[in-house]
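One structure is given here, and the rest of the page talks about it.
Read-outs: derived from the displayed coordinates by stated rules, not from any lab. Values in this document were obtained by computation on a predicted structure and should not be read as measured data. Reconstructed Cβ throughout: ideal geometry from the backbone, glycine too, with neighbour counts over all protein chains shown.
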Amino acid sequence: MQQNVIKTKGRPKDPEKRATIMEAAGKLFLEQGYEGTSLDAIAARAGVSKLTVYSHFNDKAGLFTCLVTCKCKEYATGNSLDELQQLPTELALTRLADNYMKLILNPDVLAFHRLMITDAGDNRELTALFYDSGPKVAIEDLAGFLAEFTRVGKLRIEDCWRAADHFLSMLRGYIYWRALLNIETQPKPLQLRKHLNDCVAVFMRAYATENDNAGKNKRLS
């Protein structure tokens, strides 16, 4: 005789508790390093049980990946393809560039970059995890935008991944390095604006189509 088996769903995850765990983990990773931070310590700092941490993130690597991914998404606001396609190409690129610079100059992000450099020699799995969850995703996301701009005739790019990599590398430039090395943690607004405009202008000279003049001189002001 066949019996009906009723499957019950697990308890829904508490988003506030999840956010609290992530905040605690982020602080501890920066204070004690990745290897020096245990899930027990994260649970204690967050005021939850270790089992609760596991139920949200499976393991420490999953929690770290989620931290990096969520921080990137936080600065992707206003980057929807539909919205950007309504803008002149140069202005759309400037908005993408502005959000990217805000991300990489965020003090917590800079601190994580320094941590990854410190751990690069001893924990390549961790640094690969960071790259795959952060920098690699940023390149791939931008490449996707560039591919769509190319498809509709706003840009002419043969290798969108390479173009995206070049654009983000150009954006980082001296401003990022001075911030990373704690020489000048945050650039002056006018300095950053000029840097963004210059990078976008160079990119447009390389990849703009002949009939794409709608965005000319529509830069960040």
Legend entry - Evaluated over the stretch 162-203, the Cα radius of gyration and Dmax, each in Å: 10.7, 30
Legend entry - Label-point separation, Glu35 to His166 (7 Å along Cα→Cβ), nm: 3.9
Inset, instruction - Have a look at His113, Phe29, Ala44 and report the one farthest towards the positive end of the charge dipole of the stretch 18-120, computed about the Cα centre with Cβ charges (Lys/Arg +1, Asp/Glu -1). - result: Ala44
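Please report Val152, Val48, Val200 as a ranked list, fewest other C-beta atoms within 10 angstrom at the top and most at the bottom.
Lowest to highest Cβ neighbour count: Val152, Val48, Val200.
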Inset, instruction - Tell me which residues come under 5 Å, amide H to amide H, from Ile157 once H is placed; ignore anything under 5 positions away on its chain. - result: none
Inset, instruction - Within 10 Å, count the other beta carbons around each residue, average over each peptide in 154-164, 181-191, and list them highest first. - result: 154-164, 181-191
Inset, instruction - Would you list, by chain and number, the aspartates and glutamates whose Cα falls below 15 Å from the Cα of Lys73, excluding same-chain residues fewer than 8 positions away? - result: Asp98, Asp108, Asp132, Glu140, Asp141
Legend entry - Greater than 21 Å apart at Cα, pairs in Lys27/Lys136; Lys17/Lys60; Lys60/Lys102; Lys102/Lys136: Lys27/Lys136; Lys60/Lys102
Inset, instruction - Binning at 10 Å from 0, report for the stretch 23-79 what percent of all alpha-carbon pair distances ends up in each bin. - result: 23, 53, 19, 5
Inset, instruction - Would you give the gap between the C-alpha center of the stretch 125-178 and the C-alpha center of the stretch 52-114, rounded to a whole Å? - result: 13
Inset, instruction - Give the Rg (one decimal place) followed by the Dmax (whole number) of the stretch 75-207, computed from C-alpha coordinates and expressed in Å. - result: 15.4, 46
